[in-house]
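Beneath this line is the structure, given in structure tokens, with notes to follow.
The values are calculated or read from the model by the stated rules, or taken from the named source; none is laboratory data. These numbers come from a predicted model, not from an experiment. In this analysis, Cβ positions are derived from the backbone assuming ideal geometry, glycine residues included, and neighbour counts consider all displayed protein chains. Ligands, DNA and RNA are stripped out before the accessible areas are found, and what is left, the full protein with its side chains, is counted by its heavy atoms. Shrake-Rupley method; radii C 1.70, N 1.55, O 1.52, S 1.80 Å.
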Amino acid sequence: MTNTTDRASDLVEQLSRWRRHLHQHPEVSFQEHQTAAYIAAELGRMPNLEVSHPTATSVLAVLRGSRPGRTVLLRADIDALPMQEENTFEFRSAHDGAMHACGHDGHTAILLGTAQLLSQQADLPGEIRMIFQHAEEQSPGGAEELVQGTPLMEGVDVATGLHLNSQLPTGVVAVKPGAFMAAPDNIYITIHGRGGHAAHPEEAIDPIAIGAQVVSNLQQVVSRGVSALDALVVSVTYFHAGTTTNVIPDRAELKGTVRTFDKGLRERAPQLIERVVKGVTEAHGASYDFQYEQGYRPLINTDWVAEELRQVALEVVGEERTRLAQPTMGGEDFSAYLERVPGAYFNVGSGSPEQDSTFPHHHPRFTLDEESLLTGVQMMHRAALRLAEG
Ligand SMILES: [Zn+2]
Ligand SMILES: [Zn+2]
């Protein structure tokens with residue numbers, strides 16, 4: 001066995017150890033204190049890195065090259081979700097009500113592995129900044145805080161990051177130029193009716209019956225209100241009203257999400273939705289409150305960076321496993337970095353039926369095929385070197 005193979009298999013074991021430790025000790029957005037301490041300690045073992053905490057729960061590792069080149073930002077998100085894990089393996093979450101169900105444990109392990117390789121690299125061009133970002137899962141998001149409130153982006157020329165994807169087979173890398181992920185906005189609706197005895201609905205204004213019409217009419221906004229070529233999703237995900245069987249309540253609360261790529265459509269969405277809420281509630285004598293909350297921006301990849309990443313993927317996984325990514329209605333706060341600098345975000349497949357790792361992200365049984373971690377490191381490592389070579 002050659003020396004290189006030894007090092008590669010050492011790295012595979014190390015990646016698994018990092019990922020399992022993180023998986024077992026998940027912390028939700030803005031509370032990643034132990035996670036950040038763990039990451040900083042692991043980075044502390046590696047040579048040549050300047051390690052700091054730009055915010056309370058994020059970690060930055062900077063590596064300065066020995067010759068001119070670009071400053072490259074590599075990003076991993078580190079937070080978990082507030083949900084109960086249903087996996088039964090040994091390293092399942094030890095924290096009740098918190099789970100790494102999006103793969104950020106894997107992203108963190110991948111960036112630690114990348115840091116390890118890069119920190120041993122002689123003759124490095126430019127500068128590599130590796131940001132272990134907190135709070136991707138909770139708007140307004142950790143990326144925005146880092147971009148607005150810290151000098152992280154000063155002097156950065158280009159940014160990249162990845163998301164593992166359980167819906168793609170392990171070993172596949174998917175990247176696309178242009179619009180990649182949607183803007184995830186939220187809506188909050190309260191319908192004010194008039195409470196009363198359930199036996200005499202004629203004396204009440206029933207916010208549940210009206211709310212049900214609001215929900216179904218909102219689908220008309222999607223199917224009839226905008227062009228079939230414009231991507232729009234409106235999902236009502238929360239409907240709460242009432243306390244018992246014989247009382248019509250006086251109000252109903254609805255919440256949901258609105259997803260768009262197009263800037264113009266995103267700007268029109270609040271009016272399109274409120275018009276339906278207003279029309280339906282007023283038609284039945286009720287009133288309403290409506291709030292539209294903008295989430296992350298849509299994630300738009302820079303064409304030339306996406307092409308560089310595609311070239312890296314061809315080297316790392318070969319032509320057959322390099323794919324054009326499908327745009328997704330999911331949101332991602334990596335878009336905050338791309339507001340400032342050119343860059344591109346890409347997917348690495350982690351789905352394997354044998355490893356039972358094809359559950360969708362945010363599912364209580366979500367898990368990773370750990371083989372995907374090495375692919376992630378190889379992609380990030382080579383992308384960093386290629387992009388830094390300015
Ligand atoms: Zn997620
Ligand atoms: Zn995620």
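Counting just the residues of segment 104-124 that are in contact with a helix residue (DSSP H, G or I) (Cβ under 9 Å, 6 or more places away or on another chain) and assigned to a loop (DSSP other than H, G, I, E, B), which one comes out modelled with the lowest pLDDT?
Gln121
Identify, by number, the condition in (1) surrounded by fewer than 15 Cβ atoms within 10 Å (Cβ to Cβ); (2) within 31 Å of the chain's Cα centre (by Cα); (3) at pLDDT 95 or above that Gly211 doesn't meet.
It is condition (1) that Gly211 fails.
If you scan segment 71-116, which residues turn out to be of a type in the set (Ser, Thr, Tyr) and within 13 Å of ligand 2 (Cβ to nearest atom)?
The answer is Thr108, and nothing else.
Evaluate the following for Asp289: is it under 28 Å from Phe132 (Cβ atoms) and either away from ligand 2 (no atom under 16 Å from the Cβ) or crowded, with 17+ Cβ neighbours inside 10 Å (or both)?
no
Does at least one position in segment 291-301 carry a residue that is farther than 30 Å from Phe89 by Cβ, more than 20 Å from the chain's Cα centre (by Cα) and outside any strand (DSSP E or B)?
Scanning segment 291-301, I find no residue that is farther than 30 Å from Phe89 by Cβ, more than 20 Å from the chain's Cα centre (by Cα) and outside any strand (DSSP E or B), so the answer is no.
Exactly one condition in (1) farther than 24 Å from Gly376 by Cβ; (2) loosely packed, with under 14 Cβ neighbours inside 10 Å is false for His95; which is it?
Just one mismatch for His95, condition (2).
Rundown of residues vs (1) open to solvent by less than 10 Å² (accessible area, probe 1.4 Å); (2) within 16 Å of ligand 1 (Cβ to nearest atom); (3) within 26 Å of Phe261 (Cα to Cα); (4) at pLDDT 95 or above, yes/no style:
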residue	(1), (2), (3), (4)
Leu299	yes, yes, yes, yes
Thr302	no, no, yes, yes
Glu315	no, no, no, yes
Arg382	no, no, no, yes
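When residues of segment 343-372 are filtered for being of a type outside the set (Phe, Trp, Tyr), closer than 26 Å to Pro177 by Cβ and either crowded, with 20+ Cβ neighbours inside 10 Å or free of Cβ contacts under 8 Å to residues at least 60 places away in the same chain (or both), how many remain?
8
If Gly155 passes every condition in (1) open to solvent by 20 Å² or more (accessible area, probe 1.4 Å); (2) within 16 Å of ligand 2 (Cβ to nearest atom) but one, which one does it miss?
It fails just one condition, (2).
Could you tell me which numbered condition Thr108 fails, if it satisfies all but one of (1) under 19 Å from the mean Cα position of the chain (by Cα); (2) more than 28 Å from Arg17 (Cα to Cα); (3) among the β-branched types (Val, Ile, Thr)?
Looking at each condition in turn, Thr108 falls short on (2).
Step by step: first the residues of segment 350-371, then only those that are within 16 Å of ligand 1 (Cβ to nearest atom) and not in a loop (DSSP other than H, G, I, E, B), then the one that is farthest from Ala159 (Cα to Cα). Which residue is that?
Gly351
Can you tell me which residue in segment 113-131 is nearest to ligand 1 (Cβ to nearest atom), limited to those that are farther than 14 Å from Val72 by Cα and surrounded by 20 or more Cβ atoms within 10 Å (Cβ to Cβ)?
Filtering first and then ranking leaves Gly113.
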